[in-house]
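Down below is the structure, laid out as structure tokens.
The values are calculated or read from the model by the stated rules, or taken from the named source; none is laboratory data. The structure presented is a predicted model; accordingly, all values stated were derived computationally and were not measured. Please note: Cβ atoms are built from the backbone with ideal geometry, for glycine as well, and neighbour counts cover all protein chains shown. Calculation scope for accessible area: heavy atoms of the full protein, side chains included, ligands and nucleic acids excluded. Shrake-Rupley method; radii C 1.70, N 1.55, O 1.52, S 1.80 Å.
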Amino acid sequence: GHPMSTHPSHPQPTKFDRRKLLTGALGVGAIAALRPHRPGTLHAALAATDGDRIRAENDNEGTLDWQLTFMRTDPKSGNFRSSLIEGYASTMSVRAGESIDLVVSTEPASPFEIDIYRMGYYQGLGGRHVMHLGPFKGQTQPTPPVADERLRECQWEPAVTLNIPAKWTSGVYLAKLTRLSEISNLKSQIHQYESYIVFIVRDDRPAGIVFQCSDNTWHAYNRWPDSYSLYTYDPGNTKPLLPGVRVSFNRPYAKYCQVVDAPLSIGSGEFLLWEFPHAFWLEQHGYDVTYISNSDTHADP
């Protein structure tokens, strides 16, 4: 992973016990297989799973509306960010039934709406609309200065505290941010400019497969606001991985621009580019899967 990726709510241990780490990384069925057999142990573990949950979730009506259709990056940032509307979540993952802050900035200040989608198969459409929020007033929030160790960390005010319904299925959720612009002569509003906030809802249940999102990697390569990843230092400096450099989770995800250039994924980290096809396939075939983040593994193996 990327031990230099930091999050204030998820301090990372400096040393792992190898046996404990192995136990935390393996699925419950594998743990039962490694341990001496005790009557009822494996049966009890399997009984705690809910193999039909993902199949039932994907029977819900899907939509393509989760896709971005209208966005623009800022040339002055190297086209890494979209300051017209951008945001981040207060934590990378949240349990169903708990709460998470969605933090948004619009420049210039503009009202906006939020639509939340769970990503999966859904008849091949890839997402299900689960909630609409807003409109919100919107405000321009400050770009953080360069701090010690080249850290860029936002101290933005939340737009809304989202209470995650207990019935939401574990998965990767995209909050689609849509800026609203007023048409003065019609006294109405049109949807204009979009980006994502990505977060994970977890349920901590035994499952057939644990899908660990690589959010440490997403932020290690995140160049927001203007080429400030772990791997970009000063212009003209050709040495990667210089010591004494940190990145923060408290900032939006910039446009990913390594290997591929996919501006319509902006705000989703690397999930849509590299991990969503696997989640789509698993849920298409009804695998019993639950989702977590790198931060969850580091905080509590």
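Numbers at a glance
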quantity: Criterion violated by Asn60 - all others in (1) assigned to a helix (DSSP H, G or I); (2) at pLDDT 90 or above; (3) open to solvent by less than 80 Å² (accessible area, probe 1.4 Å) satisfied; calculated: (1)
quantity: Qualifying residue in the range 128-151 (condition: within 27 Å of Asn60 (Cβ to Cβ), crowded, with 21+ Cβ neighbours inside 10 Å and in contact with a Lys or Arg (Cβ under 9 Å, 6 or more places away or on another chain)); calculated: yes
quantity: Residue satisfying all of: in the range 208-226; in contact with a helix residue (DSSP H, G or I) (Cβ under 8 Å, 6 or more places away or on another chain), open to solvent by 10 Å² or more (accessible area, probe 1.4 Å) and not in a helix (DSSP H, G or I); modelled with the lowest pLDDT among these; calculated: Asp226
quantity: Some residue of the range 21-33 being open to solvent by 60 Å² or more (accessible area, probe 1.4 Å), at pLDDT below 90 and under 28 Å from Arg128 (Cβ atoms); calculated: no
quantity: Set Thr69, Thr73: member being β-branched (Val, Ile, Thr), open to solvent by 50 Å² or more (accessible area, probe 1.4 Å), at pLDDT below 95 and on the phi < 0 side of the Ramachandran plot; calculated: Thr69
